[in-house]
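The values are calculated or read from the model by the stated rules, or taken from the named source; none is laboratory data. What you see is a predicted model; the values in this text were computed from it and never measured. FYI the Cβ positions are ideal-geometry reconstructions off the backbone, even for glycines, and counts take in every protein chain you see.
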């Protein structure tokens, strides 16, 4: 093709038909220009629909509020899975490889992501726990606990629940959720600057909606602030601190291990001594264990879902998640 083009050019020059020659060159230049525009348009299209992947569902709630109308958000962990002991599947690695932005808590929560994400560009991932403004808000695992002598634990601690020195259930803090939303917004602006107006609007709506929902929840939970309760999983410190709740202790049961009679008696004694109003279970704990602990006491049994497994991803997911958690507290403690 190139040889034929050269022959035509030489022929045009030899015939001194400069008008035809320059018309031909102009047409050729337009073809190359059109091809360039197509390529640029294709690249912009890919960028506009970049894939955002979050490690867990609650981070997906926050991301979905910012990506609404801009780009899709996907959650890595399937519904019902725990970030404490998850093992990546080949399909997960493919999803990570194809992602344009990965959002996770950090290596102290999702240990399974630590190695894969070392091969992922640092400018295409956000570790929420490592954001400078978030680090200042972290609470130690013992800051919201009562003295060790008052805590109830299992005979064998579950090593999967170790998060280092700090509580890593950061999505349960509305303040940290807002900082996460800002970080996601800023990173997407780098990747998709042509969507600035929509991203700015989404962030503004998220902040406004979050402030309104916090105010509503604070009023709703105020009547139960002095009512004691136990939770199985030490996950709720940020939420409890924000809304002034008073947990009496926690149990970190491994769902695969059935506690013995002696252990159940010890827990029951703790419940009676503390005059707890409620015991909160989580979806992964067996009802038989929960019922055995509460049997013979006046304690109510409630359910807290720290991952919002029943909530779909959409722009209002995070505030819906906070409301659901608040309703779960209220239904058992009122």
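Quick look at the values:
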quantity: Check on residue 167, modelled with pLDDT under 90, in the same structural domain as residue 73 (by TED's automatic domain parsing) and under 20 Å from residue 62 (Cα atoms); calculated: no
quantity: Top-ranked residue of region 84-124 - restricted to ones that are free of Cβ contacts under 8 Å to residues at least 40 places away in the same chain and within 25 Å of residue 141 (Cβ to Cβ), ranked as surrounded by the fewest Cβ atoms within 10 Å (Cβ to Cβ); calculated: 87
quantity: Checking residue 298 against (1) surrounded by fewer than 18 Cβ atoms within 10 Å (Cβ to Cβ); (2) under 20 Å from the mean Cα position of the chain (by Cα), the condition it does not meet; calculated: (2)
quantity: Odd one out for residue 79, checked against (1) assigned to a loop (DSSP other than H, G, I, E, B); (2) surrounded by 13 or more Cβ atoms within 10 Å (Cβ to Cβ); (3) under 14 Å from the mean Cα position of the chain (by Cα); calculated: (2)
quantity: Check on residue 253, modelled with pLDDT under 80 and either surrounded by 18 or more Cβ atoms within 10 Å (Cβ to Cβ) or touching a helix residue (DSSP H, G or I) at 6+ places or on another chain (Cβ under 8 Å) (or both); calculated: yes
quantity: Test: residue in region 188-200 that is in the same structural domain as residue 301 (by TED's automatic domain parsing), at pLDDT below 95, surrounded by 14 or more Cβ atoms within 10 Å (Cβ to Cβ) and part of a helix (DSSP H, G or I); calculated: yes
quantity: Of the criteria (1) more than 14 Å from residue 55 (Cβ to Cβ); (2) modelled with pLDDT of 95 or more, which one residue 98 fails; calculated: (2)
quantity: Total residues in region 260-296, condition part of a loop (DSSP other than H, G, I, E, B) and modelled with pLDDT of 85 or more; calculated: 3
